[in-house]
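So the structure is just underneath, and the comments pick up after that.
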Amino acid sequence: MSAAYWRQVHEDDFAVPTDRPLADLTAELTRLLGDVDPGLRDGLALPALATWVERGVYDDLLRGLGDGMAAGLRVGLGERDTDTVFRRSFSALVLGECIARDNERPLVPGGTVLDWGDRLATWVLQERDLRGFVPDKGWAHAVAHGADALGTLARSPHVGAAELVVILDVVAERLAVPADRLLTAGEPDRLARTAMSVLRRNRVPFDLVEPWLEAVTATAAHQRSPDRDPYLRSGDAEAFLRALYLQLALGQRPPAIRADLMLLLVDALRSTNELVLDPE
């Protein structure tokens, strides 16, 4: 199917074509999720799949579609600065759409959603391509897309307190993964939004949130090293703490533990920003 074919689908408000089996259309759109052309990937494949999921086109096939997207998270995993990142990253977005659809109405077994969550979490922690915007190819944004999908997972009725704690732990571990580049395309903000999705469930008690935030704070603490930029370890966690503070202070629907968490977060920010808070 040509690009012109899919542009016509776009112009027809993503009405499902009747001249091809849905399975063939889905296979082609899945392939295009990994295309280096952002016009095909972001402009046609992603909105077509997302719209069809939202409209219920896949309601009877949601489990298979989600499993296919979860499989896409493994394509080229471990590679850096290669084009396989697009398939992984955009598969995560569509998998998030599958979870969101099930959040609206129960369509797949809870065990399936939890399995998708396990595979998402594993991928988020193992992803090594940290590029945001790629010149001439558009957004890769794997960590941001993973954060968005985990945030949708946190709102699933199948996810209980134990799984919510795991999502928080995944956020903390992602921030602590050794890297040679910082996340500079809004990823810490998206991870903070994921944490907020967990906290708004009001299922995780403060005595479990406190050590989680302490772990993030420990990552954000500067560790002097003569041969390594300390911000490569601390920078992402520092940005996350600031983003979480902003969302707690200004965001809608604050969690029940907001007041206690704000006090803890202020202490964390004070301890990790001593260099800029010291009086002259």
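The table below gives the values:
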read-out: Every residue from the range 122-159 that is of a type in the set (Phe, Trp, Tyr) and crowded, with 16+ Cβ neighbours inside 10 Å; value: TRP123, TRP139
read-out: Positions within the range 216-227 being surrounded by fewer than 18 Cβ atoms within 10 Å (Cβ to Cβ) and either touching a residue at least 24 places away in the same chain (Cβ under 8 Å) or within 22 Å of GLU274 (Cβ to Cβ) (or both), in sequence order; value: ALA218, ALA221, HIS222, GLN223, ARG224, SER225, PRO226
read-out: Hits in the range 1-58 - residues which are under 17 Å from GLY138 (Cβ atoms) and outside any helix (DSSP H, G or I); value: LEU33, GLY34, ASP35, VAL36, ASP37
read-out: Residue satisfying all of: in the range 228-262; over 22 Å from GLY186 (Cα atoms), in contact with a helix residue (DSSP H, G or I) (Cβ under 9 Å, 6 or more places away or on another chain) and hydrophobic (A, V, I, L, M, F, W, C); surrounded by the most Cβ atoms within 10 Å (Cβ to Cβ) among these; value: LEU261
read-out: Unique match (being out of contact with any Pro (no Cβ under 6 Å at 6 or more places or on another chain) and at positive phi) among HIS141, HIS145; value: HIS141
read-out: Helices (runs of 4 or more DSSP H) enclosed by the range 96-204 - at least 1 residues per element that are modelled with pLDDT under 95 and outside the structural domain of ARG242 (by TED's automatic domain parsing); value: none
read-out: Set ARG228, ARG270: member being part of a loop (DSSP other than H, G, I, E, B) and out of contact with any His (no Cβ under 6 Å at 6 or more places or on another chain); value: ARG228
read-out: Any hit, the range 75-88, residues being surrounded by 15 or more Cβ atoms within 10 Å (Cβ to Cβ), touching a residue at least 12 places away in the same chain (Cβ under 8 Å) and more than 26 Å from LEU182 (Cβ to Cβ); value: no
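The values are calculated or read from the model by the stated rules, or taken from the named source; none is laboratory data. Everything numeric in this text was worked out from a predicted model, so none of it was measured. Glycine gets a Cβ as well: all are built from the backbone with ideal geometry, and neighbour counts include every protein chain shown.
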